[in-house]
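Working notes, structure below.
The values are calculated or read from the model by the stated rules, or taken from the named source; none is laboratory data. Small disclaimer: the values here were computed from a predicted structure and weren't measured. Every residue, glycine as well, gets a Cβ built from its backbone with ideal geometry; the counts of neighbours run over all protein chains shown. Each accessible area value is taken on the protein alone, full model and side chains, heavy atoms only, with ligands, DNA and RNA left out. Shrake-Rupley method; radii C 1.70, N 1.55, O 1.52, S 1.80 Å.
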Amino acid sequence: MRPRAIGMLTAALAVVALLVVDLPAPAAAADVHVGRTVTTGLRTPWGMAFLPDGSALVSERDTGRIVRVPADGGNARLVGRVRQTRAAGEGGLLGLAVPPGANPSFVFAYVTTATDNRVLRIDWDGRRLGKARAILTGIPKGTNHNGGALLVGPSDTLFVGTGEIYQRELAQKRSSLGGKILRITFAGRPAPGNPFPGSPVYSLGHRNVQGLAFDSAGRLWATEFGEHDADELNLIRAGGNYGWPVHEGKAQDPRYIDPVVQWSPTAVASPSGLAIVDDIAYVASLRGQRLWQVPLHGTSAGTPKAAFHDRFGRLRAVAAAPGGGLWLATSNTDGRGTPRRGDDRIIRVRLTAG
């Protein structure tokens with residue numbers, strides 16, 4: 001080989017070696033450890049959203065109350081009540097979200113009313129909740145599958161996970177807000193750049209979305225309840241159709257997007273809340289009564305690993321805590337669980353490298 005060719009090959013190999021060295025290592029499952037109990041005595045906690053000082057607002061599905069839990073733990077204090085809440089079955093006061101910033105002046109809530117599910121924007125003065133204004137109405141309501149997830153996105157947008165209320169055809173009906181992930185502005189209008197002009201619909205073909213979270217690259221992930229065969233963790237793409245009710249779980253049908261992870265049978269999961277920390281997805285499971293960890297590798301995922309099986313009962317909400325670790329809320333007073341002493345509660349979970 002000529003000297004020039006050898007030099008060019010050596011340089012190319014050096015570049016390849018540099019690229020390989022700079023590639024990030026895939027996320028691996030962390031070790032999870034039970035910390036101290038944050039608070040007890042809650043009634044069917046559902047949504048959980050942190051404030052800038054590290055305390056958290058928590059919604060109670062059946063009472064319509066929103067309480068504030070101190071950052072260091074202790075008694076939850078009532079800060080407001082959503083009086084239009086009409087709790088029945090899986091409906092009631094559901095997801096919460098707090099906009100970014102040092103001094104938010106409002107918060108968002110997802111609530112079942114007498115006529116629909118809707119998103120509220122509620123005034124917040126730092127101590128008490130004030131006037132509530134509906135910014136998105138007309139989400140179908142039912143006894144089951146009301147969705148309820150809220151997640152603040154970039155550029156003052158809000159993602160909303162909804163359910164198809166056991167009317168399966170709604171999930172494929174683009175004109176319906178049921179069985180969808182929606183993307184709206186803070187004023188409740190369809191967000192600019194949505195895949196269907198003039199529509200809040202961001203993705204469709206969902207059965208019941210109760211968890212939303214972003215990974216480190218800003219990709220959106222969602223948990224979804226299956227019917228019999230498969231619960232799902234989905235990577236959400238704008239305009240994507242996730243197949244319900246045509247398919248449940250992975251189908252390899254080019255018309256629809258398959259889940260990245262599925263749990264079969266559904267008895268081991270029933271995934272509700274979702275948090276992502278260091279590109280590990282943490283999925284709170286109701287019927288499965290465990291916390292699933294799923295290492296995320298870009299657009300794929302590693303093998304799920306379970307923690308706390310049967311230790312705390314049904315698990316509804318999980319959130320990444322500002323000081324590190326997770327807050328994990330039980331759901332044993334929801335009519336389907338067996339309450340234990342102190343239920344419902346929030347537990348602090350510490351994370352260490354596996």
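Brief remarks on what is shown
- Part-to-part distance (alpha-carbon centres) for the stretch 86-139 and the stretch 219-248, which is given in Å: 25 Å
- Solvent-accessible area per residue in the chain equals 43 Å², computed with a 1.4 angstrom probe and all protein chains kept.
- Inter-label distance, nm, simple model (7 Å from Cα along the C-beta direction), Arg237/Ala353: 3.4 nm
- On Cα atoms only, tilt of 3-22 relative to the major axis of the chain in degrees: 20 degrees
- Where labels lie 7 Å past Cα in the beta-carbon direction, separation of Arg83 and Thr143 in nm: 2.9 nm
- Cα shape, the stretch 226-284, gyration tensor, a/c 1.5 rule: oblate
- For Gly163, nonlocal amide neighbours, meaning residues 5 or more places apart or on other chains whose placed amide H falls under 5 Å from its own, are Gly147, Gly148, Gly179, Lys180, Val209.
- Projected over every direction and averaged, the convex hull enclosing the alpha-carbon atoms of the stretch 130-203 yields 5.3 nm².
- The alpha-carbon atoms of the chain, seen along their principal axes, cover 82, 46, 42 angstrom, with the largest extent given first.
- Based on alpha carbons, the Rg and Dmax found for the stretch 31-169 are 14.9, 46 Å.
- Excluding same-chain neighbours fewer than eight residues apart, the lysines reachable from Lys131 by a Cα-Cα span under 25 Å are Lys141.
- The stretch 222-318, accessible surface, carbon-and-sulfur percent (1.4 angstrom probe): 44 percent
- With all pairs of separate Cα atoms included, the stretch 258-339 yields a Kirkwood hydrodynamic radius of 12.9 Å.
- Cα-based convex hull, the stretch 168-254, per residue volume (Å³, whole number): 108 Å³
- Semi-axes of the equivalent ellipsoid for the stretch 23-87, Cα gyration tensor, largest first, Å: 29, 15, 12
- Restriction of the trypsin sites (Lys or Arg not before Pro) in the stretch 161-251 to DSSP coil positions whose beta-carbon has at most 13 other beta-carbons within 10 angstrom yields Arg174.
- Distant-in-sequence amide contacts of His297, defined by a placed amide H-H separation under 5 Å and a gap of 5 or more residues or a different chain, comprise Gly302.
- At 1.306 mPa s and 10 °C, Stokes D of the stretch 54-124 from Kirkwood alpha-carbon radius, µm² per second: 126 µm²/s
- Its Cα gyration tensor gives the stretch 198-328 an equivalent ellipsoid. The semi-axes, each the square root of 5 times an eigenvalue, are 23, 18, 13 Å from largest down.
- Note on the stretch 30-158: with neighbouring protein chains present and a 1.4 Å probe, carbon and sulfur make up 44 percent of its accessible heavy-atom surface.
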